[in-house]
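To start, the structure under review is shown below, and the notes come after it.
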Amino acid sequence: MKEAIRVINLKPVDGYTPKMKRVKTTGEKYEVELELEEAPDALWAAIFREELEKSTPPDHLADSRSDTQLIEKSIMFFTSASQIEHDGKQIAELVDSVNARVKQENRKIEEENKREKGAEADDEAIMKRMREALKKII
């Protein structure tokens, strides 16, 4: 049976200070790391990459889709001081989109697991009848 994929949320910023630093080669670009509540598993990370590819990057940042990265337990992206709120909201929406897909996948996993349990129960019942039949002759 498959295990459910954990839903991973962004850690509330009021509980820590996100890592931020100016990118020295540019005047307005900052690297920002937002922490996740826990390290995501490989399936969550794969869905994150898929959702990131489908997302619309901010207009003011070239290559922002490729600039956004999942690093262990955080999401790193580039922004400017004037766009931090907008870009932070986009990252939060991206994580929400990933978690919506995770929940959808978990429903499929749950249904598959129920079918497997049902098949196992059927097998057990059949094997019990077969054992009883063998007891009669052996």
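Restricting attention to the stretch 67-76, does a residue exist that is loosely packed, with under 13 Cβ neighbours inside 10 Å, of a type outside the set (S, T, Y) and closer than 17 Å to E35 by Cβ?
Filtering the stretch 67-76 down to residues loosely packed, with under 13 Cβ neighbours inside 10 Å leaves 71-72.
Within this subset, residues satisfying the condition of being of a type outside the set (S, T, Y) are 71-72.
Okay, now just the ones that are also closer than 17 Å to E35 by Cβ, so 71-72.
So far as the stretch 67-76 goes, yes, one or more of its residues are loosely packed, with under 13 Cβ neighbours inside 10 Å, of a type outside the set (S, T, Y) and closer than 17 Å to E35 by Cβ.
List, please: which pairs have Cβ atoms under 8 Å, are six or more places apart or on different chains, and start with a residue in the stretch 1-17 that is in contact (Cβ under 8 Å) with a residue 12 or more places away in the chain and charged (D, E, K, R) and end with one that is assigned to a strand (DSSP E or B) and surrounded by 11 or more Cβ atoms within 10 Å (Cβ to Cβ)?
Final answer for the pair search is K11/L34; K11/E35; K11/L36.
In the stretch 107-130, how many residues are small (G, A, S) and either in a loop (DSSP other than H, G, I, E, B) or in contact (Cβ under 8 Å) with a residue 40 or more places away in the chain (or both)?
Keep residues of the stretch 107-130 that are small (G, A, S), which gives 118-119, 121, 125.
Then keep just the ones that are either in a loop (DSSP other than H, G, I, E, B) or in contact (Cβ under 8 Å) with a residue 40 or more places away in the chain (or both); that gives none.
Total meeting the criteria: 0.
Quick one: in the stretch 88-106, which of the residues that are free of Cβ contacts under 8 Å to residues at least 40 places away in the same chain and within 20 Å of K29 (Cα to Cα) is surrounded by the most Cβ atoms within 10 Å (Cβ to Cβ)?
Q90
Quick note: the coordinates plus some simple rules give every number you see, no bench work behind them. Just so it is clear, the structure is predicted and the values come from calculations on it, not from any experiment. Cβ coordinates were reconstructed from backbone atoms using ideal geometry, including for glycine residues, and neighbour counts include every protein chain displayed.
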